[in-house]
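The values are calculated or read from the model by the stated rules, or taken from the named source; none is laboratory data. Just so it is clear, the structure is predicted and the values come from calculations on it, not from any experiment. Neighbour counts run over all protein chains shown; Cβ positions are idealised from the backbone, glycine included.
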Amino acid sequence: MGPIRQLVAAVVLTGSLAGCAAGLHDETSKERSTPYVGSAGAGGLKVRDVAVILPVGGDSTPAVSTGGPSPSPSPSPGDNGQTQGSLTLVIVNDGTAPDDITGIQVGNDGAVTPTDPNASGTVDPGHSLIFGAQASSVANEPANDLSISGLSSPLVPGTTVKVTVTFQNAGQIVVQAPVLTAPLS
């Protein structure tokens, strides 16, 4: 094979490979990568395994019931139908004093409320609090879920969102949490 043919073959091969991710509608620019869960800490308090779970349907608009099982990832008596998702997280207190959660916010305007009005926001030393759809291991007991509402813009699967957990003593802990879709059961 002569030098001109080798050059032409190299140009054709390079040109075809370069076009793989070029253009307005290429697939590679649509891919998003996020950490599986977010974690952060302040002093003896650790906020771990933080994730925002969207309702089945994949966006943060309120789910519409079709008469079957609730499409919410964490259905509970406290869900008022305005849920844009749920928040899962684990809070570990490795310190020497208890601390109380005074507030949780998703993004800049998302309110987070426990779906069980009796849920405790106190984490004692040497203990942890688990919030999420599978937090309760006792049959017929509501899970310790956190419902997200009031977001001004929809959450997008595959991205991250700021979650701020405020404690009475430790102050604010900010975590970038991945936005995930609820698994189909």
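List of remarks:
- So Asp99, is it crowded, with 18+ Cβ neighbours inside 10 Å and either at pLDDT below 90 or touching a His at 6+ places or on another chain (Cβ under 9 Å) (or both): no
- Residue selected from the range 159-183 under the condition in a loop (DSSP other than H, G, I, E, B) and modelled with pLDDT under 90, by the criterion farthest from the chain's Cα centre (by Cα): Pro183
- Residue within the range 46-55 that is farther than 22 Å from Val161 by Cα, modelled with pLDDT of 55 or more and surrounded by 15 or more Cβ atoms within 10 Å (Cβ to Cβ) present: no
- Here Thr88 clears all of (1) of a type in the set (S, T, N, Q); (2) surrounded by fewer than 20 Cβ atoms within 10 Å (Cβ to Cβ); (3) within 19 Å of the chain's Cα centre (by Cα) except the condition numbered (2).
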